[in-house]
1. Cβ under 13 Å from H33's Cβ, H33 left aside: what net charge do those residues give with Lys, Arg +1 and Asp, Glu -1?
2. Given an 8 Å cut-off on Cα distances and at least 6 residues of separation, report the relative contact order of the stretch 2-120 as a percent.
3. Please report T94, T437, T82 as a ranked list, fewest other C-beta atoms within 10 angstrom at the top and most at the bottom.
4. How many percent of the alpha carbon pairs in the stretch 229-344 exceed a separation of 17 Å?
5. Give me the extension gain from R414 to T21: residue separation times 0.36 nm, minus the current Cα-Cα distance, reported in nm with one decimal.
6. Would you calculate the volume per residue, in Å³, of the smallest convex hull containing every Cα atom of the stretch 142-219?
7. Considering the dipole of the stretch 257-409 built from charges on the beta carbon (Lys and Arg +1, Asp and Glu -1) around the Cα centre, which of L407, I291, N328 is farthest to its positive end?
8. Any lysines with Cα under 21 Å of the K347 Cα? List them, leaving off those in the same chain fewer than 8 positions away.
Amino acid sequence: MKIVIVGCGKVGTSIARELNTEGHEITAVDNNHAAVTRMSETLDILGVEGNGATYEALSEAGAEDADLVIAATARDEVNLYTCLMARSIGVPHTIARVRSPEYTADLHRVKDQLRLSMAINPELTEAIEISRLLRFSGALEIDSFAKGAVELIKVSIPADSPVNGKKISQIDTLRGRIRVCTVERGDEVYIANGETVIQSGDKVSVVAKPEIAAKFFKKANVNIGKSRDVILLGGGKVSFYLAQRLLKAGANVKIIERNQGRCAVLAEQLHDAIIIQGDCMDQELLLSEGIEHADGVAALMDYDEENILISLYIKSVSRAKVITKINNDSFDTIISNLGLDCVMNPKILTGEYIARYIRAMQNSLGSNVETLYRLCEDRVEALEFRVRENSRTTKAPLSQLELKDDLQVICISRGGKIILPHGSDSIQPDDSVVVITKRKGLSDLDDILKR
């Protein structure tokens with residue numbers, strides 16, 4: 001697809017990087033010469049210097065022939081106007097980055113008038129992801145498929161788990177309602193099969209309905225309990241959105257924020273949350289507010305260094321699920337060696353969400369990938385396909401199909417029914433099929449076959 005991205009900041013760069021890896025033709029537009037040069041040289045894409053909200057700049061970027069314009073500047077108003085201008089010159093699809101809670105709440109009223117294909121709020125997106133992780137406090141990662149009916153959940157296997165030392169074929173999978181998909185051990189990652197042996201410390205991903213997964217984790221002695229008492233460090237937009245969702249789910253929420261004015265705003269908007277004015281880096285304050293007994297803690301301050309340091313401290317004094325917001329992805333290797341529970345980057349999440357939307361657009365243009373998640377530090381992909389009438393995968397049961405190595409069909413959704421398939425099951429036209437694989441670049445379900 002031909003895509004124009006307006007805004008070469010961190011969000012725009014993250015979106016461009018995500019889409020560039022998938023082979024799209026990208027042009028980036030920004031007023032800032034240095035930002036345009038940096039993005040175009042780093043990602044080897046076309047850069048245009050100018051005001052992306054104007055007809056002149058959009059025209060120079062080739063928007064008349066583009067399939068999509070993404071407006072990702074720092075200003076919501078500019079992004080919305082950019083999308084309106086892009087539509088006026090014939091661009092069929094537009095996406096706007098909208099951060100303001102007020103605009104986000106009202107956008108559904110004017111989305112049709114603006115002819116927006118999609119609006120994305122990075123902070124709200126991050127809050128949604130964090131709330132899902134806190135729902136299963138013992139989960140390292142959660143991804144959903146089949147419109148949320150089934151989830152891929154990653155956990156760490158404790159030393160006292162009864163599944164230690166057992167082959168997957170020997171584990172009680174609750175009558176086949178649980179599928180073990182991947183096993184991470186040290187620097188290695190494996191696509192699981194019946195002969196794979198689970199060991200203490202392994203990071204294991206399973207697919208199941210949420211309520212079934214909870215039963216399995218209980219039998220495996222994996223602490224997966226729901227976070228009922230949550231402390232949010234920092235009172236920014238992510239904390240606001242997250243607190244709203246947690247309160248609605250019945251959690252007790254406490255927010256610690258340094259700025260007195262911001263505390264007053266939060267207290268007015270979040271009546272059921274406890275708002276504490278104070279320094280989130282003050283260890284005595286954290287202890288006095290019950291950090292030792294919290295189920296979940298999210299470090300959501302403005303500075304990565306503070307979020308990292310306080311997360312490490314909390315891990316030393318509490319058994320809480322700790323989630324750490326990181327804006328700078330330059331030190332991923334170092335951060336991954338610190339032993340943090342969960343690291344969230346709102347910019348990267350935004351790029352991933354937009355990439356998923358574009359895959360859905362492409363589904364009507366030739367590709368049948370509906371959802372794609374990159375897992376295990378980008379070494380594994382989980383893809384959801386819509387099965388076409390003429391697919392070669394529908395010709396025989398799974399046991400008779402010659403599937404490629406390092407690949408597993410983990411889930412079939414058929415008419416609202418979720419099937420965790422066995423060898424005797426078959427794929428049918430119009431099914432939604434989830435595949436997990438170490439192979440990159442699958443664009444069609446038939447690509448899972450050896451020939």
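We did not get these values from a lab; they are worked out from the coordinates using the rules stated. The model shown is predicted, which means the values in this text are computed figures rather than measured ones. We place every Cβ from the backbone using ideal geometry, glycine too, and count neighbours over all the protein chains shown.
1. Values: positive: R38; negative: D30, E41, E49.
Cβ neighbours under 13 Å give a net charge of -2.
2. Values: 231 pairs, mean separation 27.8, N = 119.
With pairs under 8 Å counted, the relative contact order is 23 percent.
3. Values: T94 26, T437 22, T82 30.
By the 10 Å Cβ count, ascending: T437, T94, T82.
4. Details: 3368 of 6670 pairs.
Considering the stretch 229-344, 50 percent of its Cα-Cα pairs are separated by more than 17 Å.
5. Values: separation 393, 0.36 × 393 = 141.48 nm, distance 3.11 nm.
Difference between extended and current length: 138.4 nm.
6. Details: hull volume 6.8 nm³, N = 78.
Convex hull volume per residue, Cα atoms: 87 Å³.
7. Positive-most Cα among the choices belongs to L407.
8. Once the sequence-local lysines are set aside, what remains near K347 is K10, K237, K325.
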